[in-house]
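Here is the structure we will look at, set down as structure tokens.
The values are calculated or read from the model by the stated rules, or taken from the named source; none is laboratory data. Remember, it's a predicted structure, so these values are computed and weren't measured experimentally. We place every Cβ from the backbone using ideal geometry, glycine too, and count neighbours over all the protein chains shown.
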Amino acid sequence: MSELLETYSKCIGNVMITEDIANVFNSPELSEEDKQLLNLYYHSLVDSNRVDVDMNLICHLIHFIITNDHNLFPMQANGSILVFLAGYDEIMKLRERIMSDTKRFDANKYALFTLYSQMPHNDLKRVFRRIPPEIRKIILSTNISETNISIDDVVFVIDSGKVRQKVFDARTGFSYHVLKWISKTNAIQRRSRANRLKPGVCFHLYDKNRFNRFDEYPVADINRMSIYELCLQTKLLAPNDVSIADFLMKALKSPSIETIRKSVQLLKTIDALEANEQLTQLGLHLLDLPIEPNLGKMLLYSVVLKCLDPVLTIVCSLSYLVVPQSQASRRRTAFAMRKKLSAKTLSDHMILLRGFQNWQKAKHDACERQFCDQNFISSAAMEMIVNARAQLLGQLRASGFVRARGAGDIRDLNTNSDDWAVVKAALCAGGYPYIVRVDRERQKLVTSDEVGVRFHPNSVLNTCSLKESIDKSRAQLLDTLPTDWLLFNAMTKTGKTCFVECCTVVSPITIALFAGNIQTPIDSYLSNLWKPRFDNIESDSESEGSTDKEKFVFKVDNWLAFKLDPRVANYTLQLRQKWNSLFFRRMCSPSKPMTPSDEIIIKTIVEVLTTEEQNLGLQQPVGIGQRPRPMSTDFCPPVSNVPLYSPLNKGSLQTGRQSRVSPHSQQQLFRGHY
């Protein structure tokens, strides 16, 4: 024992006594030797407050249970083991560690299962099947097993005490997936999983002092997640003379004032609210769509740009968090399949679109199961997308955006669906302000609030080679990108590192035309780049000076700006103004047909976007605008005969409105489980 303590001391060095360690030393239940071992174990983790999961400790504990359960736990002998981990990444890491440790874990004596929110339905059913008594069942799960799933043969539970949650940062306006300690209620719920049919044993990987400092209950969603959708709905409930902040502060557990202000500002940024917090025409239509406001904006832009079907599929996929997942041992195969689905477009959104289209074809050809297994796609998730498509399409018809026949029908609104550049324009309009810029000088990806973000490991853009140094590989990756601009859908934060998920490369002209606020004053777009301090200063380079004088800065917002020639800047501004005017008219009169001048504006935008994509060498895939195959659930719900209130008509009654589906019920299977 003394040798072990001496070795640990040499490795760790001088460390500070934290609150955890002080509580350990004051505990009367431990011997001096045990106290020293716990002290060194705490400091071997560098920081007792960190939330990383100790995979080595869990492996030792699983092996301890397998080898000693007959002696120490005779009533639970040969029982199944359920391990609660923070998220999918931790599950895959522990799975790989167990499978690679052949000395302690004989592959013929255990069956390893995983449980997470987006796993295929067939894999989920395997967990509940009975296995021979000589085979040990080991289940690695997220918090989905706390309440949603009960496995009756589980008698051993290992609680890591960690959970991965989506948290809204009021400072940056982004939502992050972070690792956190669970609450006391979560800990009790996890412990109860061990005694469903007979007494069980639960191992908590934290001490009593840590448990006593846990929150009593999990943090409410209104205090943890983004509430800009709630702020938008508040405008229908609050009196006109009451602000959104004042109304929400009356809730039993009201969100912070900083979160409310940031959410309201975001709604103003996407043109859902005016400066005085009144609903805009766009905001009124976003209230009718049972999806998040930014996704609803994508959908409405696709209607006006006439690329409805592909954007509708992508929006439904993003709404249900449908991202192909794979086991760690098959990550290379999964990445190859994602790369194939992306069709060399440098886009994760293309993977979502191609995955759904190919799934429908496979289902029509009676090879759905094989396709889902090969592409790591959940068939149940695809069925949910089909239903969501039908519901959203029905709402667009009820609102007048999609007509039954003639101009504005479903065929007309898919005129430009085969043009990937136009589809990306709709995604960019709804994705703003989630924009990433490539800083060529510093060789980094930057956002408006974060510097040095990285592509998520599941992104098709993340092609860093493990054979080379990480920094060199990332620099080479950024050098290969044909443009400096990308849009993303979400951001994950691990420690101090931010990862952007679901990214797509877009052209600069797409950002200049579709990013930003529609209501921005005209004068704020352009500013002369060259402003000399004295008029009589002579430039060393006369040609360079004259060139600088002719440059203008085209400002989309305080962060997005482009250096352009005056003529190009003027044309860009005029085209942006005409598009904004056209979009505003369509929001005011959805059922009114487009005029010939409107068609010319859209045709001009399509030609500009397509030409820019070709000049940048970006790939144009084939067949992305194909109409989805008719399926049993792919239909427009019948129009209700019951008159419903419509905010668009300011209190009047309107037939044909569909009931709004709560986003919570939409994502009931997925929310909170990662």
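Evaluation of residue 260 against the conditions (1) surrounded by fewer than 18 Cβ atoms within 10 Å (Cβ to Cβ); (2) in a helix (DSSP H, G or I); (3) of a type in the set (A, V, I, L, M, F, W, C) shows that the sole unmet condition is (1).
When the stretch 185-224 is filtered for residues that are more than 28 Å from residue 173 (Cα to Cα), touching a strand residue (DSSP E or B) at 6+ places or on another chain (Cβ under 9 Å) and among the hydrophobic types (A, V, I, L, M, F, W, C), the ones remaining, listed by number, are 187, 194, 197, 201, 202, 203, 205, 211. So residue 302 clears everything in (1) of a type in the set (Gly, Ala, Ser); (2) part of a helix (DSSP H, G or I); (3) under 28 Å from residue 167 (Cα atoms) except one condition, right? Which one? Just one mismatch for residue 302, condition (3). Can you tell me which residue within the stretch 184-217, out of those that are assigned to a loop (DSSP other than H, G, I, E, B) and at pLDDT 90 or above, is nearest to residue 57 (Cα to Cα)? Among those that are assigned to a loop (DSSP other than H, G, I, E, B) and at pLDDT 90 or above, it is 214. Taking residue 295, is it more than 22 Å from the chain's Cα centre (by Cα), hydrophobic (A, V, I, L, M, F, W, C), within 26 Å of residue 319 (Cα to Cα) and not in a loop (DSSP other than H, G, I, E, B)? Considered against the rule, which asks whether it is more than 22 Å from the chain's Cα centre (by Cα), hydrophobic (A, V, I, L, M, F, W, C), within 26 Å of residue 319 (Cα to Cα) and not in a loop (DSSP other than H, G, I, E, B), residue 295 comes out as no.
Taking the conditions (1) of a type in the set (A, V, I, L, M); (2) closer than 30 Å to residue 381 by Cα; (3) over 25 Å from the mean Cα position of the chain (by Cα); (4) assigned to a helix (DSSP H, G or I) in turn, residue 62 satisfies each one other than (2). Selection of the stretch 274-292 for residues being in a loop (DSSP other than H, G, I, E, B) and more than 25 Å from the chain's Cα centre (by Cα) yields 274, 275, 276, 277, 278, 280. Residue 491 meets each of the listed conditions (1) surrounded by fewer than 21 Cβ atoms within 10 Å (Cβ to Cβ); (2) at pLDDT below 90 apart from (1). Which count do you get for residues in the stretch 371-391 that are in contact with a helix residue (DSSP H, G or I) (Cβ under 6 Å, 6 or more places away or on another chain) and within 18 Å of residue 291 (Cβ to Cβ)? Residues in the stretch 371-391 being in contact with a helix residue (DSSP H, G or I) (Cβ under 6 Å, 6 or more places away or on another chain) and within 18 Å of residue 291 (Cβ to Cβ): 4 in total. Out of the residues in the stretch 418-473 that are part of a helix (DSSP H, G or I) and farther than 30 Å from residue 306 by Cα, state the one that is modelled with the lowest pLDDT. Ranking the qualifying residues of the stretch 418-473, first place goes to 470. Being assigned by TED's automatic domain parsing to the domain that holds residue 206, at pLDDT 80 or above and not in a helix (DSSP H, G or I): is that true of residue 104 here? So residue 104 fits the description; yes. For the structure I just gave you, tell me whether residue 634 is acidic (Asp, Glu) and modelled with pLDDT under 90. Yes. Quick one: count up the residues across the stretch 327-376 that are assigned to a loop (DSSP other than H, G, I, E, B) and among the aromatic types (Phe, Trp, Tyr). The total comes to 1. In the stretch 116-154, the residue that is surrounded by the most Cβ atoms within 10 Å (Cβ to Cβ) out of those that are under 28 Å from residue 212 (Cα atoms) and either in contact with an Asp or Glu (Cβ under 9 Å, 6 or more places away or on another chain) or not assigned by TED's automatic domain parsing to the domain that holds residue 84 (or both) is 140. When the stretch 67-101 is filtered for residues that are outside any helix (DSSP H, G or I), in contact with a helix residue (DSSP H, G or I) (Cβ under 9 Å, 6 or more places away or on another chain) and under 20 Å from residue 189 (Cα atoms), the ones remaining, listed by number, are 79, 81, 82, 83, 84, 85. Please specify each residue of the stretch 144-189 satisfying the condition of being out of contact with any Phe, Trp or Tyr (no Cβ under 8 Å at 6 or more places or on another chain) and free of Cβ contacts under 8 Å to residues at least 24 places away in the same chain. 188 - this is the single residue of the stretch 144-189 that is out of contact with any Phe, Trp or Tyr (no Cβ under 8 Å at 6 or more places or on another chain) and free of Cβ contacts under 8 Å to residues at least 24 places away in the same chain. Among residues of the stretch 190-208 that are within 15 Å of residue 145 (Cβ to Cβ), those with a Cβ under 8 angstrom from a residue that is outside any loop (DSSP other than H, G, I, E, B) and among the basic types (Lys, Arg), sequence gap 6+ or separate chain, pair up as 202/190; 202/191. Applying the set (1) closer than 21 Å to residue 201 by Cα; (2) buried (at least 21 other Cβ atoms within 10 Å of the Cβ); (3) modelled with pLDDT under 85 to residue 73 leaves exactly one unmet item: (2).
Every condition in (1) touching a residue at least 24 places away in the same chain (Cβ under 8 Å); (2) part of a loop (DSSP other than H, G, I, E, B); (3) under 30 Å from residue 290 (Cβ atoms) holds for residue 413 except the one numbered (2). Here 242, 178 are screened, and the one residue that is of a type in the set (Val, Ile, Thr) and either surrounded by fewer than 16 Cβ atoms within 10 Å (Cβ to Cβ) or touching a helix residue (DSSP H, G or I) at 6+ places or on another chain (Cβ under 9 Å) (or both) is 242.
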